[in-house]
Amino acid sequence: MISGLPDITAKNQGGLLDVIIDPDFAKNRTVYFSYVAKGQGGVGTEVARATLDGSTLKNLKVIFRAEPKTFEHKHFGSRLLIAPDGTLLITLGEKGQHPNDQNHNAQNPSNHLGTIVRINRDGSIPKDNPFVRKKGFRSEIYTYGNRNVQGITLHPATGKIWFHEHGPKGGDELNILKPGANYGWPIVTYGTNYDGTIITNKTSAPGTEPPVMYWVPSIAPSGMTLYNENAFPEWKGNIFVGSLVQRHLRRVILEGERVIGQEVLLKSLGERIRDVRTGPDGYLYVLTDSRNGRLLRLEPRK
């Protein structure tokens, strides 16, 4: 049991969202975590850093608060990734706003919702962010037009950052991160409203970034790793994504920046896959999502 956590609102899709360690963790014992917290206007995603001393968090500092908070308890994001340049990337959902709303959060960069933000690890804003000092844009924003990103990973060989996001009914996306890009939600989509009605007939539009690939029907992607270790040599360079609704682990086979195949794994478990990570031992670790969820390690067959 870890003590010293801030007040966390665990309701619906909210709670403790992600935890990562600092690149110099062995020396500074610093961890970063995203979570849902109450505040003026409702609830929203926040990110804090702290020092792990045994089983206690000390020197806790909130380094980011997504604004505005709303009373919707869904689509919070939120995954964390430390980029090769040492900055911290935070993925944020659009809080479940109806896609036919003319003033949609994801296309309104004066707020943080429906974006990926980039900050320094102390909470300050990098001077080379794409929208620094641009009127109508929050300086923390790195991309916008995102719906609900729950997976982000670094390709260790190329340095490119990949992420995926939930579509509505259909239209989950796999993307490559590009600074300043608008990923189009809800101007363009390959999905529909949950009742089957049309959001838009457009799957592309000027000024929006197309996905590398998309899933119809939805797999409800969650968690993500790009495997580059030696325990599974035949899987090297492949992306692995957890599927919530289809209850499996999805292997995405890449050739450069092109998807050339997919494979469904762990279907026989019949469990929602919440997260997948590459361990320091070169094995894959999978987290199932249920009241009696399990942490599983995948090893090669002998």
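The values are calculated or read from the model by the stated rules, or taken from the named source; none is laboratory data. Everything quoted here is computed from the prediction, not taken from an experiment. Cβ placement follows ideal geometry from the backbone for every residue including glycine, while neighbour counts extend to all protein chains displayed.
Computed values, structure above
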quantity	calculated
When residues of the range 139-176 are limited to those that are in a strand (DSSP E or B) and among the hydroxyl-bearing types (Ser, Thr, Tyr), the one nearest to His73 (Cα to Cα)	Tyr144
Options Ile176, Ile141, Ile116; residue that is touching a Ser or Thr at 6+ places or on another chain (Cβ under 6 Å), assigned by TED's automatic domain parsing to the domain that holds Lys69 and touching a residue at least 40 places away in the same chain (Cβ under 8 Å)	Ile116
Those strands (runs of 3 or more DSSP E) lying entirely in the range 216-270 with at least 1 residues farther than 25 Å from Gln13 by Cβ and either without any contact (Cβ under 8 Å) to a residue 60 or more places away in the chain or assigned by TED's automatic domain parsing to the domain that holds His155 (or both)	248-255, 258-265
Which numbered condition Met1 fails, given (1) within 30 Å of Thr192 (Cβ to Cβ); (2) at pLDDT below 95	(1)
Tally of residues being out of contact with any Pro (no Cβ under 9 Å at 6 or more places or on another chain) and closer than 18 Å to Asn146 by Cβ across the range 70-94	17
Subset of the range 252-302 (residues that are more than 20 Å from Glu229 (Cβ to Cβ) and of a type in the set (Lys, Arg))	Arg258, Lys267, Arg272, Arg274, Arg291, Arg294
Residue within the range 33-56 that is surrounded by fewer than 14 Cβ atoms within 10 Å (Cβ to Cβ) and free of Cβ contacts under 8 Å to residues at least 24 places away in the same chain present	yes
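Table: residues versus (1) of a type in the set (Phe, Trp, Tyr); (2) under 30 Å from His104 (Cβ atoms).
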site	(1), (2)
Lys202	no, yes
Tyr214	yes, yes
Pro221	no, yes
Asn228	no, no
Asn238	no, no
Gln246	no, yes
Pro280	no, no
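Per-residue answers, yes or no, for (1) surrounded by fewer than 20 Cβ atoms within 10 Å (Cβ to Cβ); (2) in contact with an Asp or Glu (Cβ under 6 Å, 6 or more places away or on another chain); (3) of a type in the set (Val, Ile, Thr):
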| residue | (1), (2), (3) |
| --- | --- |
| Pro186 | no, no, no |
| Lys202 | yes, no, no |
| Thr208 | yes, no, yes |
| Val212 | yes, no, yes |
| Pro217 | yes, no, no |
| Gly223 | no, yes, no |
| Pro233 | yes, no, no |
| Leu249 | no, no, no |
